[in-house]
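Below: one structure, written as structure tokens.
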Amino acid sequence: MKTENNKPILYIDMDEVLVDFTGHFALKHWDKTQRNPPAMYEKGFFESLQPLPGAISAVIKILNSNKFDVKILTQPVAKSPVSYTEKVNWLSKYLPDLAGDPIITK
């Protein structure tokens, strides 16, 4: 698929591509057998996720190449009323050029 500027669209997921979702759980001593750990519903959880090493610089290189129309894909946690806003805030902090138009999936 291409955009009106004839560039191919490159979709980049947030969790475990840009952000260290699993590592954040390890810091919280999360039992990986739990499906919906309580920490995920706490205010500030998503905003405090750290970028994976090299992820931000890789996306910036892709953006600077001007070869792709880059879109961020992410899925908010349905039971967390703050996850959508916090994910957008995270993008605003680390990749502000992409924060205005994330694709939020269900």
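Read-outs throughout are calculated quantities, based only on the coordinates presented, and are distinct from any laboratory measurement. All of these numbers come straight from a predicted model, not from anything done at the bench. Cβ atoms come from the backbone with ideal geometry, glycine included; neighbour counts cover every protein chain shown.
Structure notes:
- Gain on full stretching of the segment that runs from residue 103 to residue 78 - 0.36 nm per residue minus C-alpha separation: 7.5 nm
- Pairs from 7/79; 7/93; 7/43 whose Cα-Cα separation, in the structure shown, is over 30 Å: 7/79; 7/43
- Relative exposure of 74, 22, judged by other C-beta atoms within 10 Å (fewest first): 22, 74
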